[in-house]
Each structure stands twice: as structure tokens, then as C-alpha cells.
Amino acid sequence: MRVEEFTIEGRNAVLEALRSGRPIDRLYIQDGCKDGPVQTILREARKGEALISFVKKERLDQMSETGKHQGVIAQAAAYEYAQVEDMLALARERGEDPFLFLLDGIEDPHNLGAILRTANLAGAHGVIIPKRRAVGLTAVVARTSAGALNYTPVARVTNLSATIEELKKEGLWFACAAMDGEVMYRCRLTGPLGLVIGGEGDGVSRLVREKCDMTAAIPMKGDIDSLNASVAAGVLAFEVVRQRWGGQ
């Protein structure tokens, strides 16, 4: 896949994409553009909760493939988003306890792609990401996932904390990745489970962490104090695999 396949440039093209309901992950608007067409684009973008960034013309020129961006570039989702209900249905179809990843603020598309690969290989039934302050299903994510996006549903939700509360009603327990948590080998990571992984900088937010039932820490013996988000997700995911299916 090429990134430009999912990049939409120009005012009319972006406006039509928004009005058609195509999922738009991020909208870039040139600083200082406040005319009528741009205001219309902004109104439509806010209906769909696209992440909007105001940037200098030089940034848009660098991003542009056509040279005719007219001060507006949108990045569309490379894949359609699923619903959280689809993931629970998939677990029922397989006759398995639900196993979900919830990602709190992953902004690096390479990390998201790598986590999607891990989720697929660990047998997870889906990945849930927030609509705000997080990367969506861009072409870079699709490439990095190495095909996992074809098999692992990804849902995008407005509020992770509220989603956790709803999933608790479905019987799920939630384990939050945190350096100051219980060593993961002592955590019970079986049964219906949501594994919560924080963003590259700040980790899991306080509000989301407070909704979790336990915190799980990866034991580390080295001289640095943290793991890359996708690596941490992989280590924890396969501890879940060990506890669930290690004896099979």
C-alpha cells in the first residue's frame, strides 16, 4: 500500500469525503485559512470527530502529492472501523472468553501497527482505540500490521473509560499496564479480559487506570526504566497467552 492512496487533497475532495461519511482520521488545515469553504469543511469534520490540526503552508506542501492541496489535506482511514459488539460476537463464535486490547493514546502509527500484529498472534478478538489524541488506521498502520488488519477488528470509541464500564457489564475484567503494578506473573489474566496499554509518553491516563481492576507490571532488570509501548503490549499479551493456553 502507498500512503497517498489514503490521502485526500483539495477543498472539494475533502468536503465530499466528509459528507459521504468516509472515516477521516486527521484533517490538516493551513494556518490562517478562515474563508467560507474552509469553515464548511471544519463543520463537517467536527460532526465526525476527526482530529483537526492547523499547520503552516510549508507542512502541507511537504505532505502534498499533487501540489494542489488548497490549504486542506485529509488522511482517511485505510480500513473500516468495527464495533465493539463485533468483537464480543467474534469471541462467542470461537467459543472463547473475550480478550481485547484497549490502547490509551498511542500516537505512533508504527506502534499501533505492531500492536495489531501482536493482538492477532495472541488470539485477541479486537483492539479498541480512542477517537481523540491517538493515531487511527492510516496506511502506515496498515503496512506495519503486516496484514493483521484483515483479521483483527479495530473499534474507535469516544470515551475509553465509558467503554470499560460497558464492557464490565459483559463480564470483562481489566488489567492496566503500569510500571508500579503487580508483577504480571502474579496477576490472574484468564477469563474475559481487557488489556489496557498506555501511550508512548504518559502511559495510561488516570481516569482510565481508575476504571481498571488490576495493574500489571513487566519485571525488568536493566538500566533504563521503560519499554516501547508495542514491546510492552507484546510481553503482556503473551503472558495472557501463557496463562490461558500454556498447558495446551
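The values are calculated or read from the model by the stated rules, or taken from the named source; none is laboratory data. Quick caveat: nothing in here was measured; it's all calculated off a predicted structure. All Cβ positions, glycine included, derive from the backbone under ideal geometry; neighbour counts span all protein chains shown. When the accessible area is computed, the model is the full protein with side chains, heavy atoms only, and any ligands, DNA or RNA have been set aside. Shrake-Rupley method; radii C 1.70, N 1.55, O 1.52, S 1.80 Å.
Filter region 82-106 for residues that are at pLDDT 90 or above and part of a loop (DSSP other than H, G, I, E, B); which is farthest from Q30 (Cα to Cα)? Talk me through it step by step, then tell me what you get.
As a first pass, look at region 82-106 and keep what is at pLDDT 90 or above: 82-104, 106.
Going one step further and asking which of them are part of a loop (DSSP other than H, G, I, E, B), we end up with 83, 95-98, 106.
Values: Q83: 33, G95: 50, E96: 48, D97: 47, P98: 43, I106: 25 Å.
My answer is G95.
Pairs are defined by a Cβ separation below 8 Å, a sequence spacing of at least 6 or placement on different chains, a first member in region 198-225 that is more than 23 Å from A134 (Cα to Cα) and of a type in the set (D, E), and a second member that is outside any loop (DSSP other than H, G, I, E, B) and modelled with pLDDT of 85 or more; the pairs so defined are D213/W173; D213/F174; D213/A175; D225/M179.
Restricting to region 31-43, name every residue that is part of a loop (DSSP other than H, G, I, E, B) and either within 27 Å of the chain's Cα centre (by Cα) or of a type in the set (D, E, K, R) (or both). Within region 31-43, D31, K34, D35 qualify. Filtering K221, K169 for residues that are at pLDDT below 90, open to solvent by 10 Å² or more (accessible area, probe 1.4 Å) and charged (D, E, K, R) leaves a single hit, K221.
Determine which member of the set Y28, Y79 is under 20 Å from the mean Cα position of the chain (by Cα), hydroxyl-bearing (S, T, Y) and open to solvent by 30 Å² or more (accessible area, probe 1.4 Å).
Numbers: Y28 fails: open to solvent by 30 Å² or more (accessible area, probe 1.4 Å).
Of the residues listed, the single one that is under 20 Å from the mean Cα position of the chain (by Cα), hydroxyl-bearing (S, T, Y) and open to solvent by 30 Å² or more (accessible area, probe 1.4 Å) is Y79.
Which ones in region 114-143 are modelled with pLDDT under 85, assigned to a helix (DSSP H, G or I) and either in contact with a Leu (Cβ under 8 Å, 6 or more places away or on another chain) or among the basic types (K, R) (or both)? Those that are modelled with pLDDT under 85, assigned to a helix (DSSP H, G or I) and either in contact with a Leu (Cβ under 8 Å, 6 or more places away or on another chain) or among the basic types (K, R) (or both): A142, R143. Filtering region 178-213 to residues that are over 16 Å from the mean Cα position of the chain (by Cα), assigned to a strand (DSSP E or B) and buried (at least 18 other Cβ atoms within 10 Å of the Cβ) leaves A178, G181, L193.
Summed over region 47-62, the residues that are more than 12 Å from I29 (Cβ to Cβ) and either touching a Phe, Trp or Tyr at 6+ places or on another chain (Cβ under 9 Å) or at pLDDT below 90 (or both) give a count of 3. The listed residues are A237, A216, and the only one of them that is assigned to a helix (DSSP H, G or I), open to solvent by less than 60 Å² (accessible area, probe 1.4 Å) and small (G, A, S) turns out to be A237. Among the conditions (1) buried (at least 22 other Cβ atoms within 10 Å of the Cβ); (2) modelled with pLDDT under 95; (3) not in a strand (DSSP E or B), the only one that H110 does not satisfy is (1). Of the listed requirements (1) surrounded by 23 or more Cβ atoms within 10 Å (Cβ to Cβ); (2) in contact (Cβ under 8 Å) with a residue 60 or more places away in the chain, T152 misses just one: (2).
When region 1-21 is filtered for residues that are in a helix (DSSP H, G or I) and either open to solvent by less than 30 Å² (accessible area, probe 1.4 Å) or modelled with pLDDT under 85 (or both), the ones remaining, listed by number, are V3, E4, E5, F6, V14, L15, A17, L18.
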